[in-house]
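Just so you know, all these numbers are worked out from the coordinates, no wet-lab data involved. Computed from a prediction, not measured in an experiment: that's the story for all the values here. Here the Cβ positions follow ideal geometry from the backbone for every residue, glycine too, while neighbour counts run over all protein chains shown.
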Amino acid sequence: MNKRLTFHLVGVVVRVVGVLMALPLVVSLILRSGDTIPILIAMLITVAAGSALALIKPRRDTLRPREGFAIVAFSWILVSFFGGLPFFFSGYIPSLIDCFFETVSGFTTTGSTILTDVEALPRGLLFWRSFTHWGGGMGVLVLSLALIPKMGARSIHLMRAESPGPSTDKLVPRVASNAKILYGIYVVLSVIMVVALLLCGLPLYDAVVHMFGAAGTGGFGVYNSSIAWYNSAAVDVVIGVFMALFGVNFSLYYYIITRNWKVALKNSELQTYLGLLLGVSVVIALNIMPQYGGRFFTALRYSFFQCSSIMTTTGYATADFDAWPQLSRCLLVMLMIIGASAGSTGGGIKVIRLQLLLKSLMRDIRRTVHPKSVNTIKLDGHTVDESILSGVQGFFFAYALVLVVATVIVSFDGFSFETNVTAVIATLSNIGPGLGTVGPTGNFAAFSNVSKLVLSMCMLIGRLEIFPILMLLDPDAWKR
């Protein structure tokens, strides 16, 4: 492994995140929220640490896949550590492990929290807490590639290691240009959402921080009751729709912009994603109607918002879905596991993987009936390479293995099976709330430090699609 290049580029990324702390610093100064000094200290330490690592000059400018995976893994771990320093120095989160958990949750766009009273935090810290969603949504490495194109000629390995989904395709030849296109689409959608929320009557600060949560599909808010605090159908609809939009593969927006409508609209993953989202929303609405006085459209308002929030792994809430009937809760857990589209800001195993797993299963059934038949799997008219199918199956097995092992470790804390399983699913799929103690009205504060570290690793493993983190445990990856 080219260790000097790895640590050099990790330092560049950490320094970029340190510079980004200037945003909450400015917000703190403007709003006079009293948290300027802690943010400034954290910013200086982060920039200094990143600059020190960046001073390590590589002898070889060779960036292979394993370096790409290592850079992504180390960057996310260090960014999460340094990103938690504003909370630590402010004293509002006195435990470094809790700070790490909260910031991992932010950058991985999970939205799980150890805070019992969000409204007690100053607005500068709340802004930074929500901004981590926006920065982590498209990816801190992709952001760095967009800002610093000279990060490497083979930086496609960084995008592939960080971007969610079975594969990452180039939209244009240059990787830095790809990053700029993706972030350009991301910024435009974000601005449109802010304008829409302002038209709904939200203050600018509220509109921006909730855009951060929806765009990054993270779910951090500034009120203890989340989006339910507004009690506004218009706000529910706007945030619900935009969460769904940010759960779409961003490559499809590029095709729409370039007027390649046919490719975008006939995309099978998009059709499956929207079909699941809308279909489950209707089923849950019918199931919860009695709790809303038999009013279907009122029930649909709450079911669509929650399905959009859960499937895109955002985690915002307008209702205590833990109190809904068993069928609705079961369907929401199903959406937790499936997640959003590949190439979006959402988490989960991804819709395209579900499609490929089902197609692979059907092929195995056909082979059982006709052993000598030749069956290829196609998606959107293209034959799927066997290496991709093998990777999808390996991912699913690794996901299940991590889920089981993490659940066993977390179970030592003595919570209910429902709480333990959904806590791991919520963190591994980057959703935020689960059921039971970690439901929409609960939090993760009661877990032990060991469990918080395990759940933090689940968030990182889930956001980075498992393999970049697990690769660090392979001795062969460190050989020259």
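Points to keep in mind about this one:
- For region 337-470, a simple Cβ point-charge model (Lys and Arg +1, Asp and Glu -1, everything else neutral) yields a dipole of about 420 debye relative to the Cα centre.
- Peptides ranked, highest mean first, by Cβ atoms within 10 Å: ranges 255-263, 219-227, 100-108: 100-108, 219-227, 255-263
- Shape box of region 310-360 [Cα atoms, principal axes, largest first, Å]: 36, 23, 8
- Sparse-neighbour loop sites [trypsin sites (Lys or Arg not before Pro); region 1-58; at most 16 other C-beta within 10 Å; DSSP]: Arg32
- Contact order normalised by residue count of the chain, Cα under 8 Å, 6+ apart, percent: 18
- Pairwise Cα inverse-distance average, inverted: Kirkwood Rh of the chain (Å): 22.6
- Whether region 326-388 is rounded, prolate or oblate, judged on the alpha carbon gyration tensor where a/c under 1.5 counts as rounded: oblate
- Cα lying deepest toward the dipole's positive end in the chain, options Val222, Ser429, Phe127, charges on Cβ: Ser429
- Net charge over other residues, Cβ less than 15 angstrom from the Cβ of Ala340 (K, R count +1; D, E count -1): +1
- Of the residues Ser251, Phe304, Gly293, the one whose Cα sits farthest toward the positive end of the charge dipole of region 246-368, with +1 on the Cβ of Lys and Arg and -1 on the Cβ of Asp and Glu, is Ser251.
- D by Stokes-Einstein for region 370-421, Kirkwood Rh over Cα pairs, 37 °C, 0.692 mPa s: 232 µm²/s.
- Dipole moment magnitude, nearest 20 debye, the chain about Cα centre, only Lys, Arg, Asp, Glu C-beta charged: 1820
- Packing rank of 370-383, 117-130, 188-201, where each peptide gets the mean count of other beta carbons within 10 Å, highest leading: 117-130, 188-201, 370-383
- Restricting the calculation to alpha carbons of region 1-146 gives Rg and Dmax of 15.4, 49 angstrom.
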